[in-house]
């Protein structure tokens, strides 16, 4: 196989440095320069984010809090505030949206921009430097960027430029830039794949670049081809335009109108649980939840709330029930009820770590693994009746 894929694009990857920590330091400047850990504050909690001062002691995201405290006993530990982080994330997105021709919000703290063609008018590196300074000036947050011909190289360049730095990889020099780096720097090379490659004697990207692609295909399947291409600086994945209009929703029209509040609450729990599972299976987070009620006289009402980015059942169910209690005030028979989640970004469990214990994170992961394999078999006892006698929901995806 011979791959000679040229990429004439100009892609920027922007990443907010230690995002949660940076926001906390804006709120409390006494945290600056000190080892700071954001996460569950009990020993059963998990690290969501940590400062570079804490990282020097070996503390890492997703680490059990008890281990982090052992490694860095002098660290300041605080519980996170997702609503505040979401607010700052949206501030950064708004600045980018006003200036960039095409952007993708990859997660709560990172964006990809396709600025192909701007070199004819402004100079791509000059334009990106000015955008970074604009974000720093208007938010007070440190942010780093990598600029190259594709998403993979730009993301790795951002990592190499941190903290609070800038790095451009000139077109044609991608392989040379990647060559001396560890294979762990390649996106999608996790602990399992890294261990397998190291057992084969592959620790540096330079070695991976020289491996026959057929060998990696035999060992890792399709992922082996993708990893080989990334190691060689090849990535044709486009910047996907960001849109907050995408949503997932489900609703149910009852055979008989009801005023049974317990039943309605249980159905809301069931609906939200299913939507949350779908979010997690797609590695997405939502920041907006909407509840819909249609009464027997066809009068329809909706209520929505912006929330901190989340995908866990207990967070979304609590907000959905709160919206129902706020909305259901006519005490009339209900004909239809529905739940919608929207305003997505990509992200996983790490976003919720400061809200959950290590056991809860492990429980969600175990449940999702079973549900992905066998269908939605594990769910809350309160929604049992909804699963025993299911109504066909008017699920839709826009």
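The values are calculated or read from the model by the stated rules, or taken from the named source; none is laboratory data. Everything quoted here is computed from the prediction, not taken from an experiment. Counting neighbours? That spans all protein chains shown, and the Cβs are built from the backbone with ideal geometry, glycine included.
Looking across 184, 223, one residue alone is surrounded by 13 or more Cβ atoms within 10 Å (Cβ to Cβ), within 21 Å of the chain's Cα centre (by Cα), assigned by TED's automatic domain parsing to the domain that holds residue 102 and outside any loop (DSSP other than H, G, I, E, B). It is 184.
Counting only helices (runs of 4 or more DSSP H) wholly contained in the stretch 46-103, the ones carrying 1 or more residues that are closer than 18 Å to residue 311 by Cα and touching a strand residue (DSSP E or B) at 6+ places or on another chain (Cβ under 9 Å) occupy 82-99. Tell me, please, whether a residue that is crowded, with 18+ Cβ neighbours inside 10 Å, at pLDDT below 95 and not assigned by TED's automatic domain parsing to the domain that holds residue 166 can be found in the stretch 91-109. Looking for residues that are crowded, with 18+ Cβ neighbours inside 10 Å, at pLDDT below 95 and not assigned by TED's automatic domain parsing to the domain that holds residue 166, one finds none in the stretch 91-109, hence no. Return yes when residue 25 is assigned to a helix (DSSP H, G or I), farther than 29 Å from residue 343 by Cα and in contact with a strand residue (DSSP E or B) (Cβ under 9 Å, 6 or more places away or on another chain) and no when it is not. So residue 25 does not fit the description; no. For the stretch 265-287, a residue qualifies if it is surrounded by fewer than 18 Cβ atoms within 10 Å (Cβ to Cβ) and touching a residue at least 40 places away in the same chain (Cβ under 8 Å), and the qualifying residues are 281, 283. In the stretch 294-310, of all residues being touching a residue at least 60 places away in the same chain (Cβ under 8 Å) and surrounded by 17 or more Cβ atoms within 10 Å (Cβ to Cβ), the one that is nearest to residue 327 (Cα to Cα) corresponds to 307.
Would you check if residue 232 is out of contact with any strand residue (DSSP E or B) (no Cβ under 7 Å at 6 or more places or on another chain), surrounded by 13 or more Cβ atoms within 10 Å (Cβ to Cβ) and modelled with pLDDT of 90 or more? So residue 232 passes the test.
The residue of the stretch 132-181 that is surrounded by the fewest Cβ atoms within 10 Å (Cβ to Cβ), among those that are in a strand (DSSP E or B) and free of Cβ contacts under 8 Å to residues at least 60 places away in the same chain, is 166. When 213, 202 are checked against the criterion of being buried (at least 16 other Cβ atoms within 10 Å of the Cβ), assigned by TED's automatic domain parsing to the domain that holds residue 153 and closer than 23 Å to residue 157 by Cα, a single residue qualifies: 202.
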